[in-house]
Amino acid sequence: MRGRPLLYTRYEADQAILNTVTKKVMVLIFLSALLLIPFQVLPGLDFLGENDWLRLLSTVAIFIIGALGLNILLGLAGQVSLGHAFFMGVGAYVAAVLGSDPEGLRLGFGLPMWIWLPAAGVVAAGIGVAFGPAAVRVRGLYLAFVTLGLVFVGDYVFRNLISVTGGAEVGRTFPPLEFRLWKEDTPLIDFASDGAWFGIELTSEAKTFYFVLAVAILFMLLAKNLQRTRVGRAFQAIRDRDIAAEIMGVDEVSFKLRAFGISSFYAGVSGALLASFVGTVIPARWDLFLSIQFIAIVLIGGAGTVAGVVLGTAFVTLLPRLVQDATLWMEDVVETGDNLLATLLDLVVATESTDFGLINTLPGVGPGLSVFQLNQVIYGLLIILFLIFEPLGLFGIWIRIRNYWKGWPFTY
Amino acid sequence: MAVVSGRLLKRRAKRSGSTDYDHLLDVKDVHLAFKGVKAIDGVSFHVDDGELFAIIGPNGSGKTSLFNSINQVYKPQKGDILWKGDSLSGLKPNKTAELGIARTFQNIALYPHMTVVENLLTGRHVRMEAGWLAGSIWWGKAKAEEIENRGIVEDIIDFLEIEQWRKYPVGLLPYGIQKRVELGRALAMDPELLLLDEPVAGMNLEETEDMARFILDIQDELGIAIILVEHDMGLVMDIADRILVVDFGKPIATGLPAEVQRNPNVIKAYLGEELETA
């Protein structure tokens, strides 16, 4: 083995997910870094352990689950879906009905998480498969349109099904992240409050982060395994050549249905976790913009790869925060400094309603884009740029860097 | 030359099932029309176990349509196609693959983003069972099945001498190698009948000779029956057992290569008629 790391003597080793030493080492380092984040010991990255950053990272983990689902549908099976947000909403409300305690008009059964979390996925998957027959008959743009309809149907239903969703303006609370065996008073494991695990004091943010991280890693493994086995290959065959795939024995309709079902399962779980993590959500959360965010994740990260999904999710989810921080920093410079930089940045940010600037720090007042609008513009631009210049996404860029260093100092 | 590994041959021997049929494939008076255009106009032929049957004819004479009819991509309006005595009509294309009919395409139809190994494993689809859940968990039977089939695929890689391309996405490979990979994907399906649609189109002499050798090896050592559609007359006349000539969807001759070559109708179809000048 030594000296010839790429010489495999067993097919099992050849097919392993981490089939090289480099991959093993990198994953190990990355995982340990993630585990250490809440303790704020990583040099230069200790700010990630602050509570607001931990919450952001937890969101990343939850979004990864949903993005993995869309990646199975869009990246592997090649079926565009704008309805991902709808399935997330379905998952969230299944969780709410099963897991929450009843409040007023709103239904709730107060069941434990080990029921509501899988159920959120299963019900979403069921609706995905039920919707499938309408979707498998069309492809490309037409499919995008059919699934777009789902979002609007969902929006209407969510607004009006007050006993489940709490109605358009109010929303409802979702079950907290905690493990109970059944409906006992004190949860077995409680992620929502501070406490000690194995003698280590952890904040609720750190506990939640660890929990969603574990779930995300589980789903990453499932997605990766799916991709490298029979069903995942059938999906990719349909994506690349649907008629040839059928002549090679892949039942196109039934496998497209499976792709819809599996993708919706991931979306349902992700939606349930997201709603539970946030606590209170209004129906408008599951709108078209959320679907587009997921498409941006898959396209920017690199369609069809689990690593790409992780990169893409981190990028797309952290981008608003970076934009916001950058805006605040620019505003700060403009208001305090009087050097050239401040003068230049004054053209970029608007600090008063009469001030000129491309970015407006006072939402709804004056000219310029709000930070939210700016994010949308950036998503759109990035999707266009990646599709044109780097169809393999961030993952493709990584592959290029890797190949460069593999060959270094030679150019090939 | 080619090394046929024991595992490939063993699987040939293991294939059982009834041999109580007249012909492996029996095409009976098939008619296929698109609106007014008659693509296939009353073609009948049969292929026996282990036979290398060739179909030739000018462009647009309905050869590929015949393949699509056998695969049930097109549904002929009249006539019947029997597989081991049973009609194929009404089946979905993927069922014909399960029965043991494999195919390569005139314009390469590999999955360009998947590697050679993955393409061949996709060919194994009909011979594997694991569902999405078992596959996602990568446990027990599903894992064992993956590893076993990875081994079978390696035998095919070995047989077709494409070891060095194993891990390449096929979209990046040269044309001749892609054709070979496509043949491998069809072989991976463990077929009893192989439909080859112009396997040497666009190849140089050396590549053509390689491909001819693989085709003969498949017939001799693996005992797979083959229907070959090809324009390279030298290749067809050299390796085919029997030949069917079609022109404008109509069969004009069937027989041994030597017979077909002398048939005046065939000469007329290919070279045209002499003008009456007198």
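The values are calculated or read from the model by the stated rules, or taken from the named source; none is laboratory data. Keep in mind it's a predicted model, so treat the numbers as computed, not measured. FYI the Cβ positions are ideal-geometry reconstructions off the backbone, even for glycines, and counts take in every protein chain you see.
Within segment A:116-144, the set of residues being among the aromatic types (Phe, Trp, Tyr) and in contact (Cβ under 8 Å) with a residue 40 or more places away in the chain comprises A:TRP116, A:PHE131. In the set (1) modelled with pLDDT of 90 or more; (2) exposed (fewer than 12 other Cβ atoms within 10 Å of the Cβ); (3) among the basic types (Lys, Arg), the condition left unmet by A:ARG55 is number (2).
Residue by residue, here is whether (1) crowded, with 24+ Cβ neighbours inside 10 Å; (2) among the hydrophobic types (A, V, I, L, M, F, W, C); (3) under 14 Å from A:MET88 (Cβ atoms); (4) not assigned by TED's automatic domain parsing to the domain that holds A:LEU369 holds:
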position	(1), (2), (3), (4)
A:LYS256	yes, no, no, yes
A:SER264	yes, no, yes, yes
A:THR280	no, no, no, yes
A:LEU319	no, yes, no, no
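Pairs meeting the criteria (first residue in segment A:278-306 and on the phi > 0 side of the Ramachandran plot, second residue modelled with pLDDT under 90 and of a type in the set (A, V, I, L, M), beta carbons under 7 Å, at least 6 apart or on different chains) are A:GLY302/A:LEU392; A:GLY302/A:LEU394.
Selection over segment B:90-107 of residues that are under 12 Å from A:ARG241 (Cα atoms) and facing chain A (nearest Cβ under 9 Å) gives a count of 1. Summed over segment B:104-120, the residues that are without any contact (Cβ under 8 Å) to a residue 40 or more places away in the chain and touching a helix residue (DSSP H, G or I) at 6+ places or on another chain (Cβ under 9 Å) give a count of 1.
Taking segment A:265-278 as the region of interest, how many residues are within 19 Å of A:VAL136 (Cα to Cα) and either away from every other protein chain (no Cβ under 13 Å) or at pLDDT below 95 (or both)? Of the residues in that region, 1 qualify. Count of segment A:241-264 residues, restricted to those that are farther than 30 Å from B:ILE70 by Cα and either within 9 Å of another protein chain (Cβ to nearest Cβ) or among the β-branched types (Val, Ile, Thr) (or both), is 2. For segment B:153-190, filtering for residues that are facing chain A (nearest Cβ under 10 Å) and not acidic (Asp, Glu) leaves 9. Using the structure shown, decide if B:TYR74 is at the interface with chain A (Cβ under 9 Å from one of its Cβ atoms), assigned to a loop (DSSP other than H, G, I, E, B) and of a type in the set (Ser, Thr, Tyr). In short, no. Going by what's in this entry, would B:ALA212 be described as surrounded by 16 or more Cβ atoms within 10 Å (Cβ to Cβ), of a type outside the set (S, T, N, Q), more than 14 Å from chain A (Cβ to nearest Cβ) and not in a helix (DSSP H, G or I)? Answer is no for this residue. Screening segment B:118-152 for residues that are under 22 Å from A:ALA244 (Cα atoms) and more than 9 Å from chain A (Cβ to nearest Cβ) and picking the one that is surrounded by the most Cβ atoms within 10 Å (Cβ to Cβ) gives B:LEU120.
For B:PRO58, state whether it is more than 10 Å from every other protein chain (Cβ to nearest Cβ) and surrounded by fewer than 18 Cβ atoms within 10 Å (Cβ to Cβ). In short, yes.
The listed residues are A:VAL90, A:VAL80, A:VAL60, and the only one of them that is surrounded by fewer than 24 Cβ atoms within 10 Å (Cβ to Cβ), over 13 Å from the mean Cα position of the chain (by Cα) and not basic (Lys, Arg) turns out to be A:VAL80. Of the helices (runs of 4 or more DSSP H) that lie entirely inside segment A:222-330, those containing 3 or more residues that are of a type in the set (Gly, Ala, Ser) and touching a Phe, Trp or Tyr at 6+ places or on another chain (Cβ under 9 Å) span A:230-240, A:252-278, A:288-301.
For the structure I just gave you, tell me whether B:ALA130 is touching a helix residue (DSSP H, G or I) at 6+ places or on another chain (Cβ under 7 Å) and either under 16 Å from A:ASP251 (Cβ atoms) or in a strand (DSSP E or B) (or both). Taking the combined requirement at face value, the residue satisfies it.
A Cβ distance below 9 Å, combined with a sequence gap of six or more or placement on separate chains, defines the contacts here; from segment A:90-115, residues that are over 20 Å from A:PHE211 (Cβ atoms) and assigned by TED's automatic domain parsing to the domain that holds A:VAL157 reach residues that are buried (at least 22 other Cβ atoms within 10 Å of the Cβ) and basic (Lys, Arg) in the pairs A:TYR93/A:ARG172; A:GLU103/A:ARG172; A:ARG106/A:ARG172; A:GLY108/A:ARG172.
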